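Worksheet for the structure shown next.
The values are calculated or read from the model by the stated rules, or taken from the named source; none is laboratory data. Predicted, not measured: the structure shown is a model, and the values here were computed from it. Cβ placement follows ideal geometry from the backbone for every residue including glycine, while neighbour counts extend to all protein chains displayed. Accessible surface areas use protein heavy atoms only, side chains included; no ligands, DNA or RNA. Shrake-Rupley method; radii C 1.70, N 1.55, O 1.52, S 1.80 Å.
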Amino acid sequence: MKKIQAIRGMNDLLPEQSSLWQYVESVVTDILVRYGYQEIRFPIVESTELFKRSIGEVTDIVEKEMYIFEDRNGDSLTLRPEGTACCVRACEENGLLYNQMQRLWYMGPMFRHERPQKGRYRQFHQIGVETFGIQGPDIDAEVLILSARILRELGVASHVVLQINSLGSTEARAAYKTALVAYLSGLQDQLDEDSKRRLETNPMRILDSKDANTQKLLDAAPVLLDYLDEESRLHFDGLRALLDTAGIRYQVNPRLVRGLDYYGKTAFEWVTDKLGAQSTVCAGGRYDGLVEQLGGKSTPAVGFGIGLERLVLLLQAVDAVPVGLDQQADVFLVAVGNVQSIAMQLAERIRDELPFVRLLTNCGGGNFKSQLKRADKSGADIALILGEDEANAGTVSVKFLREEIEQKTLPFDEAIAYLRSLE
């Protein structure tokens, strides 16, 4: 029979990879908890209308990339392509937003039907941060400082650059779009095909074109920052002042836009030159109009998303992966002869008394030599050797596998105390 394989762009995470993912997730979530952010969880499947209303029907995501299907009732459902709209829906539905401040985070898979390449997959994983109910630039600064700490504590801060921009108000963007379209219409025959299409549907996305010739044409284009309304300008100046005070280095990128229609005012990206075409590691901004757009009361909001695949790839690319992450165990219990029952009792005692120790017990038999090979392969630093003679005497031998330290044979209690002293 033909073997069934994973769907293209949806990848398995194997045991030798999962330890690095767990490390990254634990560092990020620990920082979020330290900042006082709370976890929220919502479904992978949502109503298709949620994303059409939030992301925008003329965006690439809605037009070409969403996984849409009908359920048995004929309702149109979609595998979530991003998390912000889902978070807003969950918060509004459960009464978390009205006259309240919220600092939230979530983690999980998202789905987009794109051409798979390194750092871009059809099932990808994000950690998202969303804040609601806070108007001023101080919360924008906080989420940027928080994201900077994540990158710093993961050891990749020197390999990323923060780019920021202001998209202004809805009215400011409308005025800018008119000026941009007027400028580019005279150059339409020189634009790439994708930009020609966007000129009619979503002209600001042309600023993000990857076509080198189009980027040259944009050198003389109107600049969005020149069209900002006074409130947006003051907000952006306030954000920059707070980042300067906090020592967060950044570049103002007037061409930085976001691919989702709901963003306004602050927009930002942490980018790197270590991952080829997929340079964005973390991105976000302010989306004050989204809650109202989805049926709630007007609510200020700002947040960001971190792509876990790209973050893991970045750690690997710059050699920031901690040593020993793939180590399966700290201690391997070798059990030779008819001692399996006693070995399991000893293993459980160690797990009870030394919960910080990763203990792997030999199962499936094997002679002494083969079990020592398994111990070595596990990455354990210590092998506990329990043969029939040791079991009868209530002792166990402690053998160091990575250091030249003399082997000891100790009673069970003393062996456990000895292991505790090594921590």
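Extension gain, residue 348 to residue 39: 0.36 nm times the residue separation minus the Cα-Cα distance gives 108.0 nm.
Surface composition of the chain: carbon and sulfur make up 48 percent of the accessible area, probe 1.4 Å. Once backbone amide H atoms are built at 1.01 Å from N, residue 408 has 398 as its partners under 5 Å, excluding neighbours fewer than 5 places away on the same chain. Rounded to the nearest Hz, the phi-derived 3J(HN,Hα) couplings of segment 208-214 under the Karplus curve 6.51 cos²θ - 1.76 cosθ + 1.60 (θ = phi - 60°) are 9, 4, 8, 6, 4, 5, 4, where x marks glycine and proline. Per-residue 3J(HN,Hα) values for segment 358-374, derived from phi via the Karplus relation 6.51 cos²θ - 1.76 cosθ + 1.60 with θ = phi - 60°, read 8, 10, 10, 9, 5, 10, x, x, x, 6, 4, 5, 5, 5, 5, 5, 5 Hz in sequence order (x marks Gly and Pro). Result for the chain in a Gaussian network model with C-alpha springs under 10 Å: among 170, 48, 395, the largest mean-square fluctuation is at 395. Please say if segment 69-126 is rounded, prolate or oblate, where rounded means a/c under 1.5 for a ≥ b ≥ c the square roots of the C-alpha gyration tensor eigenvalues, and otherwise the choice is prolate for a/b larger than b/c and oblate otherwise? Oblate, because a/c is 1.5 or more while a/b does not exceed b/c.
Shape class of segment 1-53 from the Cα gyration tensor (axes a ≥ b ≥ c, square roots of the eigenvalues): oblate, since a/c reaches 1.5 or more and a/b does not exceed b/c. The charge dipole of segment 336-377, taken about its Cα centre with unit charges on the Cβ of Lys, Arg, Asp and Glu (plus for the first two, minus for the last two), comes to roughly 260 debye.
Label separation (residue 113 vs residue 340): 5.1 nm, computed from points 7 Å beyond Cα along the C-beta direction. When you restrict to C-alpha pairs under 8 Å that are six or more residues apart and normalise by the size of the chain, the relative contact order lands at 15 percent. For segment 167-181, 3J(HN,Hα) computed residue by residue from phi via the Karplus equation (6.51, -1.76, 1.60; θ = phi - 60°) reads 8, x, 7, 4, 5, 5, 5, 4, 5, 5, 4, 4, 5, 5, 5 Hz, glycine and proline entered as x.
In segment 17-145, what is the volume of the convex hull around the alpha carbon atoms, normalised per residue and reported in Å³?
Details: hull volume 18.9 nm³, N = 129.
Per residue, the Cα convex hull of segment 17-145 comes to 147 Å³.
Label separation (residue 277 vs residue 190): 2.5 nm, computed from points 7 Å beyond Cα along the C-beta direction. If you average the C-alpha positions of segment 293-363 and of segment 31-60 separately, how far apart do those two centres end up, in angstrom? Spelled out, the Cα-based centre of one part sits 27 Å from the other.
Quick check: from the Cα gyration tensor, does segment 127-217 come out rounded (a/c under 1.5), prolate or oblate? It is oblate, given that a/c is not under 1.5 and a/b is not larger than b/c. Solvent exposure of segment 203-361 amounts to 45 Å² per residue of accessible area, where only protein heavy atoms count and the probe is 1.4 Å. Our estimate of slack between residue 2 and residue 215, defined as 0.36 nm per intervening residue step minus the Cα-Cα distance, is 71.9 nm.
For the chain, the mean residue ellipticity at 222 nm estimated from helices alone is -11500 deg cm²/dmol, where every DSSP H run of n ≥ 4 contributes -39500 (n - 2.57) and the total is divided by all residues, rounded to the nearest 500. Put simply, the amide H of residue 125, placed in the peptide plane, has neighbours under 5 Å in 110, 308, 309, leaving out anything fewer than 5 places away on its chain.
Using a Gaussian network model of the chain in which every pair of alpha carbons under 10 angstrom is joined by a spring, one finds that among 405, 134, 55 the greatest mean-square fluctuation is at 405.
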